[in-house]
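These notes are about the structure you will find just below.
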Amino acid sequence: MRRFTREAGLWLLAIPILLWTLLPIYHIFLFSISSKDSAFSGALWPDKPTLRNFGTIVREEHFYLHHFWVQIWNSLWIAVAAGALTLAIATCAAFAISRLKVRGGRTVMNLALFTYFIPAAFLAIPMYKAMGAYELLNSRWSLVLAMVTLAAPYAIWVLKQASDKLPYELDEAARMDGATPLQLFRLVYLPLMTPSLVAIGTYALLLAWNEYLYAYLLLSHEQTITLAVALGHFISADDSPWELLMATGLVYALPPAAIYYAFRRYMVGGLTAGAVKA
Amino acid sequence: MIAVPGIALPRSRFAFKSSWQTWGAIMIAPYLLVFLAFVLYPVSYGLWLARDPASYARLFADPIFARTVVNTVVFLLIAVNLKFLLALWLSGFFVHERIWIRWLSIVFLLPWAVPSIPTIFSIRFMFNPEWGVINSVIFRLTAHDGPNWLNDPRIGLGLAMLTHIWKSLPFWTLILIAGRLAIPREQYEAASVDGASAWQKFRYVSWPSLRTLYLTSTILSMIWTLGDFNSVYLLTGGGPADLTHVLATLGIRYIRLDQVDLAMATIVCAMPLVLPLMWFMMKNLSRGDRQ
């Protein structure tokens, strides 16, 4: 009997958790398959589910969607560039600090951690001014570099943690065999670090794809903004087409969610371990 | 953690060692450049812009400012602590070994896995007083109009906090689950043998192991919450009448109004909140790193 009440208690808890988690997401889905008229009926399932909203998006047939393909391309370009650049910079830095024991490596690690602990919205303001000074505003590179700045500290930290766990004897053996640092990096370090590298690359890619604030500050031209900023424009008018906004939002949210779940094994292990060190 | 302080290398290896140092310097240089160009220079430049006492006088004279500070403190204290109590409690739920709980935990991660904009706009629409699904349901059930949700500054800020919790709860629950799974199972078994109640197991087995993680996570989450622009801006836009701003959105608001000195002054005013938290995290992490 006690066992039964315990199981029932667990099930009872599951229902509010499921509702809390899924309501806003189901709401997006519901709107995106509703026509304009039935979107506000408050029904749990539309009378005539339709994919017409997605057709409108693909053909760019609404004022807010005239540059949809350019904007999703911008999002993709920036996410991939930021992911690749973060990965390259952070891997090299972690290797130099953890394996080559470069002088001053500890200081650089502390500088990176310091950056990691600046609240993102506060760094955005001086960053915006600096990008203006570098004349990078409205260039995709400004957002790429900003995202690298935000993602690299955590990337270096996680990679350094993972790298410190590799046995030091590996380096010793490589040195004895006369390997150069680059050979050690390419032939020993990179293969052993692959799981962490996948996690970090994905982390930086998703961070850049999902970013709203920096994109909104740094990019303003219709042709250079990312899909995230374009979605923000929908809300500027009172009569914005909710069903189109939600459908576009779904298109925007699916790729990162899919990537996240595909790499979940890496993400959950690699990222939660580094996030907080008890 | 492996720490090999200064491996003693034979003298003949000196050239060898210096080549490793050279490569080390080359490989760390890109990040150092990023740091100098996009952290050090902007922050110094920003602080230089914020040097004029007159901008602080103007900032304090802005009636929004005091309200914003109160909102920020309320947001930090209530949202973060509520989130962590929930995360602590939910982590206890998710560590039960059932196949359906494993599936539920995968679904539970969704808010964290999807980008903020669509979901926050979705919440915004749900609470629209005229057409939103919440008020439609309220009207159908009670035949009365529901509250004016986002047009009421208190409810608006409350909903922004809930949105923030909705978005970041999965991540912190995951962290605490990892913390709970690291506790040896024998300790719980021993407690069961001694006839400990569920509360006693939590109080004397789980909590002592989780305490440090819980505290560190709370501090880190407070830092991130201070920088959370989306939950407030995308939900209420700081409105109605700029009454739901937090420091993060107020700074950006000044930037959009082209008042950079006020924006920077806002950040400087946030420093008494941010710096102790940053100091705590830096101390904590570098101590852990040295072990």
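Coordinate-derived values only; no laboratory data. All values reported here derive from a predicted model rather than from experimental measurement. All Cβ positions, glycine included, derive from the backbone under ideal geometry; neighbour counts span all protein chains shown.
A compact globular protein would have a Cα radius of gyration near 2.2 N^0.38 Å; the ratio found for the range A:47-182 is 1.51.
Which whole-number percent is the relative contact order of the range B:120-171 (Cα, under 8 Å, 6+ apart)? Write out the running numbers ahead of the final one.
Numbers: 39 pairs, mean separation 13.0, N = 52.
It comes to 25 percent, rounded to a whole number.
For the protein assembly as shown, what does the helix formula give at 222 nm: sum of -39500 (n - 2.57) over DSSP H segments with n ≥ 4, over the residue count, nearest 500 deg cm²/dmol? Could the numbers behind the result be given before it?
Numbers: 28 runs with 405 residues, N = 569.
Calculated at 222 nm, the ellipticity per residue is -23000 deg cm²/dmol.
The three principal axes of the C-alpha atoms in the range A:2-58 carry coordinate ranges of 55, 22, 13 Å, sorted with the longest axis first.
Average 1/r across all pairs of distinct alpha carbons in chain A, invert it, and you get the Kirkwood radius: 21.7 Å. Annotation: peptides B:229-237, B:75-83, ranked by per-residue average of other Cβ atoms within 10 Å with the highest first, follow the order B:229-237, B:75-83.
Stick to the Cα atoms of the range A:146-241, pair each with every other, and give me the Kirkwood hydrodynamic radius in Å at one decimal. Intermediate values should be presented prior to the final figure.
Details: mean 1/r = 0.0603 Å⁻¹.
Taking every pair of different Cα atoms in the range A:146-241, averaging 1/r and inverting gives 16.6 Å.
Only helices reaching 20 angstrom along their own axis (Cα) with mean Kyte-Doolittle hydropathy no lower than -0.5 count here, and for the DSSP H runs of chain B these are B:14-35, B:153-181, B:207-226, B:260-290.
For the range A:84-242, a crude dipole built from +1 on the beta carbon of Lys and Arg and -1 on the beta carbon of Asp and Glu, taken about the Cα centre, is about 620 debye to the nearest 20. Distance from the alpha carbon centroid of the range B:243-263 to that of the range B:45-103 works out to 16 angstrom.
Helix A:190-210 and the longest principal axis of the C-alpha atoms of chain A enclose an angle of approximately 30°. Basic side chains Lys and Arg get +1 at the Cβ, acidic Asp and Glu get -1 at the Cβ, and with that the dipole of the protein assembly as shown about its Cα centre reaches some 1920 debye. Once R0 is set to 41 Å, what does the formula 1/(1 + (r/R0)^6) return for the Cβ-Cβ distance between A:Ala258 and B:Arg211, expressed as a FRET efficiency to the nearest 0.05? E(calc), rounded to 0.05, equals 0.65.
Average partner chain C-beta neighbours within 10 Å, per residue of A:257-266?
Across the residues of A:257-266, the mean count of other-chain Cβ atoms within 10 Å is 2.
Please name which of B:Gln187, B:Gln259, B:Phe75 has its Cα lying farthest along the dipole of the range B:53-290 towards the positive end, using unit charges on Cβ (Lys, Arg +1; Asp, Glu -1) and the Cα centre as origin. The one lying farthest along the dipole's positive direction is B:Gln187.
For the protein assembly as shown, the convex hull spanned by the alpha carbon atoms encloses 175 Å³ per residue. Inter-chain Cβ neighbour count for B:120-132, averaged per residue, equals 5 (cutoff 10 Å, partner chain atoms only).
Once you average over the residues of B:100-109, how many Cβ atoms of partner chains fall within 10 Å of each Cβ?
On the way: counts 3, 5, 0, 1, 6, 1, 2, 6, 6, 7.
The shielding value for this peptide is 4.
Per the Debye calculation on the range B:233-275 with a single equal scatterer at every Cα and no solvent contribution, log₁₀ I(q)/I(0) for q = 0.14, 0.15, 0.35 Å⁻¹ amounts to -0.32, -0.36, -1.11.
Averaged over residues, the count of other Cβ atoms within 10 Å places the peptides A:216-223, B:116-123 in the sequence B:116-123, A:216-223, highest first. With a simple spin-label model that places each label point 7 Å from the Cα along the Cα-to-Cβ direction, the separation between B:Leu257 and B:Leu33 comes to 3.9 nm. Comparing A:Tyr266, A:Gln223, A:Leu137 along the charge dipole axis of the range A:66-275, the residue lying farthest to the positive side is A:Tyr266, per the Cβ-charge model. Take every pair of alpha-carbon atoms less than 8 Å apart whose residues are at least six positions apart; their mean separation over the length of chain B yields a relative contact order of 26 percent. Of the residues A:Ser34, B:Ser116, A:Ala90, the one whose Cα sits farthest towards the positive end of the charge dipole of the protein assembly as shown is A:Ala90 (charges of +1 on Lys and Arg Cβ, -1 on Asp and Glu Cβ, taken about the Cα centre).
Stokes-Einstein diffusion coefficient for the range B:53-290 at 10 °C in a medium of 1.306 mPa s, Rh from the Kirkwood formula over Cα pairs: what value in µm²/s?
78 µm²/s
For the range B:82-191, a Kirkwood hydrodynamic radius built from all Cα pairs, placed in the Stokes-Einstein relation at 4 °C and 1.567 mPa s, yields a translational diffusion coefficient of 79 µm²/s.
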